2 protein chains.
Amino acid sequence: MTETRQITLEDYPAGMPAPEHFGHRTVDLPDPQDGEVLIRVLWMSVDPYMRGRMRPNVKSYIPPFQKGEPLDGGAVGQVIKSKDPKFAEGDFVVGFAGGWRDHHVGPASAYTKVDPNLAPLSAYLGVLGMPGLTAWVGLSQIIKPKEGEVLYVSGAAGAVGSLACQLGKHYGMTVMGSAGSAEKVEWLEKEAGVDKAFNYKEHDVVSLTKAISEIAPKGVDGYFENVGGMQLEAILNTVAFGGRMAFCGMISGYNNDKPEPGPSNLINIVGRGVMIQGFIVSNYMNLVPQFAAEVAPLLAAGKVKFEETIYEGLDKAPDAFIGLFRGENFGKAVVKIAEPA
Amino acid sequence: MTETRQITLEDYPAGMPAPEHFGHRTVDLPDPQDGEVLIRVLWMSVDPYMRGRMRPNVKSYIPPFQKGEPLDGGAVGQVIKSKDPKFAEGDFVVGFAGGWRDHHVGPASAYTKVDPNLAPLSAYLGVLGMPGLTAWVGLSQIIKPKEGEVLYVSGAAGAVGSLACQLGKHYGMTVMGSAGSAEKVEWLEKEAGVDKAFNYKEHDVVSLTKAISEIAPKGVDGYFENVGGMQLEAILNTVAFGGRMAFCGMISGYNNDKPEPGPSNLINIVGRGVMIQGFIVSNYMNLVPQFAAEVAPLLAAGKVKFEETIYEGLDKAPDAFIGLFRGENFGKAVVKIAEPA
């Protein structure tokens, strides 16, 4: 019998999530049955999409979290006991279940074996994991860059955005990105190779439209949308004919008590022949091999920079999550729960 | 020397266009030069997109009309004098130039010969012309229907919308459509074969969302957008996963003095993996043969119903145009300028 400590959702946040919305409990885990594994969780991921699961009665692609019940999400773990031939004791695995807790029993099919020598284990929650796949899908499958085109990435210093920017450069694009602090803007321009980074807090629609037009007088060809709101409006003002937009998220609205109106210039979608594709990465899992084949070598060659904000200990998970919406995290936010055995 | 009477734009309308924004003048036409034709205009088209050309300094895919200068647009005419081997005297032609006037000299390359025995001449401005091509492109090239899917067409009783609805039925879809009068709703359900038509004036977002969900409990797969505003918001509430939206126009906003905010639920584009493609039909002219091959037989077999609102005489052109935004026209609005010789 193994105990697990779990972080629970005590209440649905009305606006910004706060520590009092979270609780914890310790329960006994059943032994793994045939086809299952028991893992010790080493790293867990916090991601903006989880906010969407903290609303009751919302029809979405994943069911809402339940009040008083544990949260869940992506995690890297080490197999303690395996009742599936796919894994041996000691194997390192990554999967979409097992976060927000320190031990987990679940189907082996939810996990993939990872190699700790290829990259740090936490990278499998970031650049080599779901956020990395998300960035790559948005660029390679939706925006489909042509060399010399212009890309704008909102939320550019985040886990997804920072890779989207660097993939844009890899594909030969002029890349603009936005973030919410001078430090992030500097990192984007100096480390990530972004041609021009904006601190969106210093702009309104008019000034951002003007600033984008100066960099891209012929218009923006690709837009990787993580934020929504004012930036989407500025992009709709500056998008080139035939522009493509990958809608990955709109974090600016996730904690609104009541929904904010959208941009007033959607008509430009018509006149400029714009294509928008919304996507959730779990529908592109069949492309993981193609993603890994393209991105892992870039990482190994040091051509992709990635930052992590590491929170130490399971009890810090709520802070890590709340930090996503306060702009406190840099790059991928992860929680370190245990050392490998 | 031939005289032509032309309708001019006397002033840029600030909101709804009114008779005082239009004027007229009579000028002498030059003789056609090599490669040109002189036509007598028989029918002219009024289309919502023309409103977009009545704004100065707007960056768009076609230049704005100039103050004091004649308007222009699609027309059917008869060749009076031809300096191009493509056409003989007496031929009937359709083209994107020659509207808003009774005679016109221009390049023969702007015109295509049409057969008055295949369909009434005015149909080449409607179901067999630009609006028909627009409907067909939105359905066949963007929405790409699968049998059994659900389609919603806003502006369903208009020139484009009414064909979009009927093509939807032809492709085996369940079709909903909206219009602005009880008479149009009745025509859609009784004549055009639409499964459920709504009078949008009797709905708000909440009631329309509910009404759509009752017809399409699994969601709307295809949306043909002519109107924008409240209906787009209701569709974003009810769109199925993987829904496709053809953005053809947003007439609800064309006469706004200042732009109205967009819908507050754009985030559903992400979670439901929605694809939106804005389009202007002039970029799909290479598909005219495919369009004609598919739609002309449907028309000949009486499988496509189309309505026309006919205004008699060139001087009625401004009324015809204004009627587009007052919801006064049924089906395709055309102006009859002269009888064939």
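The values are calculated or read from the model by the stated rules, or taken from the named source; none is laboratory data. These numbers were taken from a predicted model, which means no experiment stands behind them. Cβ: placed from backbone, ideal geometry, glycine included. Neighbour counts: every protein chain shown.
Confirm whether A:VAL160 is buried (at least 23 other Cβ atoms within 10 Å of the Cβ), assigned by TED's automatic domain parsing to the domain that holds A:PHE241 and either within 10 Å of the chain's Cα centre (by Cα) or modelled with pLDDT under 95 (or both). Yes, satisfied. When A:ILE7, A:ILE39 are checked against the criterion of being β-branched (Val, Ile, Thr), closer than 22 Å to A:ILE310 by Cα, touching a helix residue (DSSP H, G or I) at 6+ places or on another chain (Cβ under 9 Å) and touching a residue at least 60 places away in the same chain (Cβ under 8 Å), a single residue qualifies: A:ILE7.
The set of residues in segment B:155-180 that are part of a loop (DSSP other than H, G, I, E, B) and in contact (Cβ under 8 Å) with a residue 40 or more places away in the chain comprises B:GLY155, B:ALA156, B:ALA157, B:MET173, B:GLY180. Each residue in segment B:9-35 was checked for being surrounded by 19 or more Cβ atoms within 10 Å (Cβ to Cβ) and either polar (S, T, N, Q) or over 23 Å from the mean Cα position of the chain (by Cα) (or both), and 1 pass.
Residue-wise test of (1) more than 18 Å from B:ILE7 (Cβ to Cβ); (2) among the hydroxyl-bearing types (Ser, Thr, Tyr).
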{"site": "B:GLN33", "(1), (2)": "yes, no"}
{"site": "B:TYR49", "(1), (2)": "no, yes"}
{"site": "B:GLY73", "(1), (2)": "no, no"}
{"site": "B:GLU89", "(1), (2)": "yes, no"}
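Here is a yes/no grid of residues against (1) on the phi > 0 side of the Ramachandran plot; (2) more than 12 Å from every other protein chain (Cβ to nearest Cβ); (3) surrounded by 19 or more Cβ atoms within 10 Å (Cβ to Cβ):
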| residue | (1), (2), (3) |
| --- | --- |
| B:LEU208 | no, yes, yes |
| B:GLY219 | yes, no, yes |
| B:GLY222 | no, yes, yes |
| B:GLY228 | yes, no, yes |
| B:GLN231 | no, yes, yes |
| B:ALA234 | no, yes, yes |
| B:MET245 | no, no, yes |
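Residues considered: A:GLY249, A:GLY243, A:GLY222, A:GLY253. Of these, the only one that is under 16 Å from A:ILE276 (Cα atoms), at pLDDT below 95 and of a type outside the set (A, V, I, L, M, F, W, C) is A:GLY249.
Applying the criterion of at least 1 residues that are farther than 25 Å from B:LYS305 by Cα and assigned by TED's automatic domain parsing to the domain that holds B:ARG326 to the strands (runs of 3 or more DSSP E) found wholly in segment B:181-287 leaves an empty list. Out of the residues in segment A:262-271 that are at the interface with another protein chain (Cβ under 7 Å from one of its Cβ atoms) and under 20 Å from B:TYR284 (Cβ atoms), which is nearest to the chain's Cα centre (by Cα)? Result: A:ILE269.
Taking each residue of segment A:272-287 that is in contact (Cβ under 8 Å) with a residue 24 or more places away in the chain and more than 7 Å from every other protein chain (Cβ to nearest Cβ) and looking for partners that are part of a loop (DSSP other than H, G, I, E, B) and crowded, with 22+ Cβ neighbours inside 10 Å with beta-carbon atoms closer than 9 Å, six or more apart or interchain, yields A:VAL281/A:CYS248.
Among the residues examined, B:ASP195 does not qualify as of a type in the set (Asp, Glu), at pLDDT 95 or above and under 18 Å from B:SER252 (Cβ atoms). Only one of the numbered conditions (1) free of Cβ contacts under 8 Å to residues at least 24 places away in the same chain; (2) away from every other protein chain (no Cβ under 14 Å); (3) under 27 Å from A:PRO70 (Cα atoms) is violated by A:LYS258, and that is (2). Of the set (1) under 20 Å from A:ILE310 (Cα atoms); (2) without any contact (Cβ under 8 Å) to a residue 60 or more places away in the chain; (3) touching a Phe, Trp or Tyr at 6+ places or on another chain (Cβ under 6 Å), all apply to A:GLN78 but (2). Report yes if some residue within segment B:256-264 is within 24 Å of A:GLY228 (Cα to Cα) and in contact with an Asp or Glu (Cβ under 8 Å, 6 or more places away or on another chain); otherwise report no. Yes, that holds for at least one residue. Residues considered: A:ALA119, A:ALA192, A:ALA182. Of these, the only one that is surrounded by fewer than 19 Cβ atoms within 10 Å (Cβ to Cβ) and within 19 Å of the chain's Cα centre (by Cα) is A:ALA119. Residues that are of a type outside the set (Gly, Ala, Ser), more than 18 Å from B:GLY74 (Cα to Cα) and either in a loop (DSSP other than H, G, I, E, B) or not assigned by TED's automatic domain parsing to the domain that holds B:ASN117 (or both) occur at least once in segment B:319-334.
Scanning segment B:298-316 for residues that are surrounded by fewer than 14 Cβ atoms within 10 Å (Cβ to Cβ), at pLDDT below 90 and not in a loop (DSSP other than H, G, I, E, B) gives a single hit, B:ALA300.
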